Every structure is written in C-alpha cells, then in structure tokens.
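Structure, as structure tokens:
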Amino acid sequence: MHMADALISPVVGITMLVATSAVAGYSIKKVKNEINEQKIPLMGVMGAFIFACQMINFAIPATGSSGHIGGGLLLAIFLGPYAGFLTILSVLLIQALFFADGGLLAFGCNVFNMGFYTCFIAYPLIYKNIINKSYTKPRIFIGSLLAAIVGLQLGAFSVVLETFFSAKTELSFINFVMLMQPIHLAISIVEGLITATIVIFIYSIKPEILENKAKEKRPTKNVIIIFIIMVIVIGGFVSLFASSNPDGLEWSINKVTGQEELEVNDELYNSLAEVQENTAILPNYSFKGIEQGESLSVDNLGNSVSGIVGGALTLFLVVIIGLLIRLFKKKKIDLE
C-alpha cells in the first residue's frame with residue numbers, strides 16, 4: 001500500500017509529513033524509557049525482517065490482485081508501539097530512498113497509513129485487550145487476526161481520504177472506497193494469519209519476549225539468529241516467487257481509472273522523482289538500466305540482491321537510531 005507522489009497534493013503530503021514527524025518525535029521521547037542494549041538488536045532484525053516480508057506479494061484469488069504484509073502490527077507486538085512505529089518508518093525510508101518504492105512527497109502518508117493505525121490503534125485497542133488477561137495461543141491468534149483487519153482497513157480508508165482531499169477527481173470517492181476496502185480486507189486476513197503464525201512460533205520458543213510488560217524485551221541470541229536467517233531466506237530466495245499481480249492499491253486505481261498509475265507533470269513532482277532516481281541503488285528492486293521483465297534471470301537476481309541489501313540497510317539504520325536514542329538518554333541522565 002505504498003502511495004506514489006502522483007496520488008496526493010503537496011498540501012496533503014506536507015500535512016501528513018508534519019503529522020508523521022510529530023508522532024515520530026513523541027515515539028522517540030517515549031522509547032527512551034524502554035530502550036536498552038537487549039532491545040536495539042531486536043529492533044534492527046525485526047526491521048530487516050519486515051523489509052524482506054514486504055517484498056513478498058501474495059496473490060488474492062479470483063481478483064488479479066496481490067498484497068503484502070505491512071508489518072506495523074508485528075513490530076508493535078514485539079517492540080511496543082513506539083519502537084514499532086520508528087522501525088516501520090525506517091523500513092519505508094530505506095524503500096523510498098534506495099529502492100524508489102513509495103514517493104518522497106507521500107512518505108508521511110505511507111508511514112502514517114502503515115504505522116500509526118497498527119501501532120497506536122489496532123495494537124493497544126484490539127490486540128492488547130484480547131491478550132491482556134493471559135497469553136495463550138488462541139488469544140494471540142484471535143488478537144493478531146482482528147488487529148490486522150482493523151489496522152489495514154483504517155490504513156486503506158486513509159489512502160482514500162488522502163486522495164479525496166488532494167482533489168484527485170480521477171479517483172471517484174465512492175468507487176475507490178468500494179474497491180479499496182474489500183481488497184484490503186482480503187489482504188488483512190492473510191496478514192493476520194501470517195502475523196499470528198510468527199508470534200505463536202516465537203512465543204513457543206521465548207515467551208518472555210512477549211510477556212514482559214513493555215519496558216524490557218529481552219531477546220536471546222537464538223531469536224536474533226532465527227530472524228536473521230528468515231531475512232536471508234525470505235529476501236534472497238522466497239522473494240523470487242512473489243506474485244507479479246498489482247497490489248491492492250494499484251489494482252483499485254486501475255479498476256477506477258483504467259490506468260496502472262496516475263501521472264502528474266509538475267516541477268515539484270519531477271524534482272522529487274529526480275531525487276529518488278539519484279538516490280536509488282536498486283530502483284524497483286532491480287538493477288539500474290535494466291527494465292523489469294527484460295530478463296527473468298536478471299529480475300530474479302535483482303530481487304534477491306534487493307532483499308539482502310535492503311534488509312542490511314534497514315538493520316543498520318534502525319540500530320543507529322536505537323543507539324543514538326540510548327546515547328541521548330545516557331547524556332541526559334549524566335547532566336541531571
């Protein structure tokens with residue numbers, strides 16, 4: 001559900017960027033109280049894992065569409081809402097800058113749509129309320145499924161509102177929402193099942209990671225190693241089998257407008273596109289100068305390299321953010 005710049009106006013893009021920055025600033029302030037040397041590596045590997053997972057588009061039967069997990073809920077479950085939000089922000093920043101996936105003007109929209117609703121609404125109000133009394137596998141399953149549905153439905157509706165307030169008349173509000181909500185309901189059910197499976201698996205190995213009361217998430221080396229292996233396997237190998245069908249957003253746009261994407265010929269949009277062209281090392285998860293579909297073997301190699309490189313970049317960025325937050329916290333304590 002990565003929005004392109006052409007879907008929004010500058011006013012909406014800047015407004016959502018300000019809103020996202022405010023949430024990120026608040027998250028940094030709150031996460032200072034819970035970040036430690038145990039949690040930082042978990043943040044890093046979870047960010048890399050979500051990057052790899054987002055490369056896997058699964059087909060939605062009988063629609064010609066596909067979807068991928070957003071990952072915000074999974075991050076909130078393992079890291080808490082504040083660290084989870086900062087981690088999904090990092091994932092989307094790496095995708096936008098180095099893979100030209102999602103627009104720079106739409107960056108605030110994308111982070112808000114995929115991170116805010118899952119981390120600050122679906123996770124605390126749905127998931128935590130369901131598993132609050134006791135951690136059991138049935139509760140984890142039900143909580144993950146319902147929270148994923150609520151989070152993705154809110155995110156999909158937010159996309160519709162953002163295009164509406166951007167005066168994108170090509171996307172009729174009624175027609176667009178009538179396509180976006182059902183297709184993302186189907187995608188959210190799959191995401192909920194995947195999230196529940198991962199959480200139950202880790203809970204079986206190391207239940208204290210989930211049961212700790214938010215302040216301390218103590219991963220073992222085994223859990224870190226498991227996620228690193230999954231990043232390599234998913235990003236480097238499983239990504240080769242991802243569906244080539246358009247995702248839920250692209251599919252909905254095509255159904256409404258008859259076009260795969262909207263086009264805008266404007267100086268601001270062109271300048272932002274040029275910035276991404278210069279920063280992207282593997283645009284659209286492929287090698288520069290190689291058109292997608294030109295060579296299946298080259299496409300496959302590009303996907304594999306992108307999965308590994310993207311995961312590594314995300315891990316590096318998230319760990320750096322975590323270390324900086326911890327450093328500022330330590331300096332503040334020393335000054336006091």
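Only the coordinates and a few stated rules stand behind these numbers; no lab work does. The structure presented is a predicted model; accordingly, all values stated were derived computationally and were not measured. Here Cβ is always computed from backbone atoms with ideal geometry, including for glycine, and neighbour counts include all displayed protein chains.
In degrees from 0 to 90, rounded to the nearest 10, what is the angle of the helix 137-165 Cα long axis to the longest principal axis of the chain?
Approximately 40 degrees, to the nearest ten.
Please rank ILE60, ILE130, fewest neighbouring Cβ atoms within 10 Å first, as an exposure proxy.
The most exposed by this proxy come first: ILE130, ILE60.
For the chain, set up a Gaussian network in which alpha carbons nearer than 10 Å are linked by springs, and say which option among ILE88, ILE234, ILE320 fluctuates the most.
Looking only at ILE88, ILE234, ILE320, the biggest GNM fluctuation is shown by ILE320.
Mind scanning LYS30/LYS168; LYS221/LYS288; LYS32/LYS168; LYS288/LYS329; LYS39/LYS137; LYS137/LYS221 and naming the pairs with a C-alpha gap bigger than 29 Å? Don't skip to the answer; put the middle values down first.
On the way: LYS30/LYS168 37 Å; LYS221/LYS288 37 Å; LYS32/LYS168 40 Å; LYS288/LYS329 41 Å; LYS39/LYS137 24 Å; LYS137/LYS221 23 Å.
Going by Cα-Cα distance, LYS30/LYS168; LYS221/LYS288; LYS32/LYS168; LYS288/LYS329 fall outside the 29 Å limit.
Can you run phi through the Karplus equation (6.51, -1.76, 1.60; θ = phi - 60°) for the stretch 89-96 and list ³J(HN,Hα) in whole Hz, with x for Gly and Pro?
Whole-Hz 3J(HN,Hα) from phi for the stretch 89-96: 4, 5, 4, 5, 5, 4, 4, 5.
What percent does the relative contact order of the chain come to when contacts are Cα pairs within less than 8 Å and at least six residues apart?
Rounded, it is 30 percent for the chain.
So for the stretch 3-79, averaging the separation of alpha carbon pairs under 8 Å that are six or more residues apart and normalising by length, what relative contact order in percent results?
The value is 21 percent.
What are the residues whose amide H is under 5 Å from the amide H of SER66, where those residues sit 5 or more places off or on another chain and H is modelled from the backbone?
For SER66, the qualifying residues are ILE60, ASP247, GLY248.
Fewest first, what order do ILE253, ILE149 take by the number of other Cβ atoms within 10 Å? It would help to have the intermediate numbers written out before the result.
Working: ILE253 25, ILE149 19.
Ascending Cβ contact count within 10 Å gives the list ILE149, ILE253.
Going by the alpha-carbon gyration tensor, a ≥ b ≥ c the square roots of its eigenvalues, is the stretch 166-214 rounded (a/c under 1.5) or, if a/c is not under 1.5, prolate (a/b greater than b/c) versus oblate?
Details: a/c = 6.30, a/b = 2.94, b/c = 2.14.
Note, shape of the stretch 166-214 comes out prolate.
Going by how many other beta carbons lie within 10 Å of each one, how would you line up THR169, THR87, THR197, THR163, fewest first?
Details: THR169 9, THR87 34, THR197 13, THR163 26.
Fewest to most other Cβ atoms nearby, the residues stand as THR169, THR197, THR163, THR87.
Relative contact order of the stretch 1-150: what whole-number percent is it, with Cα pairs under 8 angstrom and at least 6 residues apart?
Once normalised by length, the contact order is 30 percent.
How large is the dipole of the chain about the Cα centre if only Lys and Arg carry +1 and Asp and Glu carry -1, each at its Cβ, rounded to the nearest 20 debye?
2120 debye
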